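To start, the structure under review is shown below, and the notes come after it.
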Amino acid sequence: MTVRDALNSALDEEMSADPKVFLMGEEVGEYQGAYKISKGLLEKYGPDRVLDTPITEAGFAGIGVGAAYYGLRPIVEFMTFNFSMQAIDHIINSAAKSNYMSAGQINVPIVFRGPNGAAAGVGAQHSQCYAAWFGACPGLKVLAPYSSEDARGLLKAAIRDPDPVVFLENELLYGESFPISAEALDSSFCLPIGKAKIEREGKDVTITAFSKMVGYALKASEILAKEGISAEVINLRSIRPLDTATINASVRKTNRLVTVEEGFPQHGVGAEICASVIEESFIYLDAPVERIAGADVPMPYAANLERMAVPQHSSFELGFCVVVPTKPNQC
């Protein structure tokens, strides 16, 4: 099943199960979504539940938050999370803070979803990763799926959750196919928010990653295995809450840590993970923690510079060589 089909089926099943769930955003209806995630939903549920909006993120995000105040369950699609900056006041000040400011009297069951991070050749204003931005805000839950099972199970969990959820997809993953279990295809299937998944067990180094970088980490771990290095790969799935228990348990076993993300290095998700490990598992470390991240520049448009601005397999291997030195001339 492709990630695109996994997301589409999750939307379909949750809209079928709960009449309070509706989808809104630019081109989600007649055009069936800019990336065809909402294919077939307008025909099945009608224009009252699949709403095409004007190009005004601040406007329809605010409408969505207001609908959530009154007990509906809106799913707000951003054509890219770069455009969520137009709606940031509603996401942070209206959605994220209302439950706390109302002493728990107001729930805001809303999902903000869409592609996040680098795609290919779309420039700086369409390529930023916002995981660290939203992950820093109390009141939000922030999810970043990798596989089709992730996409399906986490989106269902997000829609059912009583709190605002930022759901960070990846454009380059939409067309990728992943094996999916019969359990994950069940309409009741749901993944827990705040729980990471160990994609590959290992004993020499822990690698944390999320979204598209999980695939890169798995490929790098296969290369390392040929060199006799056993890497444990953790798919974070949830940025906030962050599963620090799973991460620290892994580091206490492997005694080394490499974090991987395509976002900016300063104040990134990897920095938060490193801080947690230093605070909770410092005495278990046999080497300094290593962060692999995107370059500290806006995303270049030129293809050659774009490749240099996001992590590649070569940068993974260099990072592992720093943490797990083996043969003197290998790195």
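The values are calculated or read from the model by the stated rules, or taken from the named source; none is laboratory data. Nothing here was measured: the structure is a model prediction, and the numbers come from that model. We place every Cβ from the backbone using ideal geometry, glycine too, and count neighbours over all the protein chains shown. Calculation scope for accessible area: heavy atoms of the full protein, side chains included, ligands and nucleic acids excluded. Shrake-Rupley method; radii C 1.70, N 1.55, O 1.52, S 1.80 Å.
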Exercise for the section: Select from the stretch 37-89 the residues that are among the small types (Gly, Ala, Ser) and touching a Ser or Thr at 6+ places or on another chain (Cβ under 8 Å) and list them in ascending order. Expected result: GLY59, ALA61, GLY62
Problem - Index of the failed condition, ASP163 passing every other in (1) in the same structural domain as GLY66 (by the TED database); (2) open to solvent by 60 Å² or more (accessible area, probe 1.4 Å); (3) not hydroxyl-bearing (Ser, Thr, Tyr) - result: (2)
Exercise for the section: Answer yes or no: is there a residue in the stretch 171-192 that is under 30 Å from SER94 (Cα atoms), open to solvent by less than 10 Å² (accessible area, probe 1.4 Å) and among the acidic types (Asp, Glu). Expected result: no
Exercise for the section: Sort out which residues of the stretch 217-259 are of a type in the set (A, V, I, L, M, F, W, C) and in contact with a His (Cβ under 8 Å, 6 or more places away or on another chain), and write them in order of number. Expected result: ALA220, ILE223
Completion exercise
Among (1) open to solvent by 60 Å² or more (accessible area, probe 1.4 Å); (2) free of Cβ contacts under 8 Å to residues at least 40 places away in the same chain; (3) not charged (D, E, K, R), THR56 falls short only on (1)
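Filter the strands (runs of 3 or more DSSP E) completely within the stretch 120-237 down to those with at least 1 residues that are touching a residue at least 40 places away in the same chain (Cβ under 8 Å) and touching an Asp or Glu at 6+ places or on another chain (Cβ under 8 Å).
On the way: elements: 141-143, 165-169, 197-200, 205-209, 231-235.
So the answer is 141-143, 197-200, 205-209, 231-235.
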Practice task
Of the conditions (1) farther than 24 Å from THR2 by Cβ; (2) open to solvent by 40 Å² or more (accessible area, probe 1.4 Å); (3) of a type in the set (A, V, I, L, M, F, W, C), VAL122 clears all except one; give me its number.
Solution key: (1)
